[in-house]
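This report concerns only the one structure given below.
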Amino acid sequence: MSPRTTDKHERRAQLVAAAAEAFARQGVAATSVADIVRDAGVAQGTFYLYFTSKDDVILAVVEGVAETMLTSLQGRLDTAEMPAKDRLRAFGRLLADLARDGELSDVTDFIHRAENRTLHDRFAEHLLPRLLPLMEQLVADGVTDGSFRVADPRAAAWFVLGGLQSVELAGTSHAALPEAIDAAIDLALAALGASDDH
């Protein structure tokens, strides 16, 4: 890769990072392109070499948030030495922690607003297809270890992920989110036929 290409990627990443910081500090709606370029230390014209609009950089931040969440969540789902039921609970706790994270919460709140359906869909398109196989494996592990009783681990994985996503989309406040996610996990465990023996 040439230095010019590296600089181009670094500059774009610098703008995305500046946008994410500005969104976390003052909110997505209140942040302007001028705020982003000021924080990045570049001219406004430079911004438009990489992004067509503020919405375009929001999408880049959304993909970055999805990637951050995916990396964290993967660790909880991939821990095969922990029983599947405990891994699912740990996944729920991490999801609540990520939703309360100051840097991520304003962006995720913005994404989930009804008027931002395109952003929400982009976020879901980036995150859900990559989480589904991990959740499916967790459910299959639970069937194997006797923790869960389901016939179709893939359908069960969709059910669990859809239920957790619905908690966030329902407009649950950040303060109430941990309890709401715990309740959704309890419901998911019951639906999975979770056994107290494992």
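Derivation of every value follows stated rules applied to the coordinates shown; laboratory data play no part. Just so it is clear, the structure is predicted and the values come from calculations on it, not from any experiment. Neighbour counts are summed over all protein chains in view; Cβ atoms, including those assigned to glycine, are modelled from backbone coordinates with ideal geometry.
Across 10 Å bins from 0, what is the distribution of all Cα-Cα pair distances for the range 1-51, in whole percents?
Using 10 Å bins, I get a P(r) of 28, 51, 18, 4 for the range 1-51.
For the charge dipole of the range 1-51, defined by +1 on Lys and Arg C-beta atoms and -1 on Asp and Glu C-beta atoms about the Cα centroid, which residue among Q26, T46, L15 has the Cα displaced farthest towards the positive pole?
Of the listed residues, the answer is T46.
Nothing charged except the Cβ atoms of Lys and Arg (+1) and of Asp and Glu (-1): what's the magnitude of the dipole of the range 1-51 about its Cα centre? Round to the nearest 20 debye. Don't skip to the answer; put the middle values down first.
Numbers: 6 positive and 5 negative charges, 27 e Å.
Using only the charged Cβ atoms, the result is roughly 140 debye.
Which of E136, E81 comes first, and how do the rest follow, when ranked by fewest Cβ neighbours within 10 Å? List each step's numbers first, then the result.
Working: E136 20, E81 5.
With the fewest neighbours first, E136, E81 line up as E81, E136.
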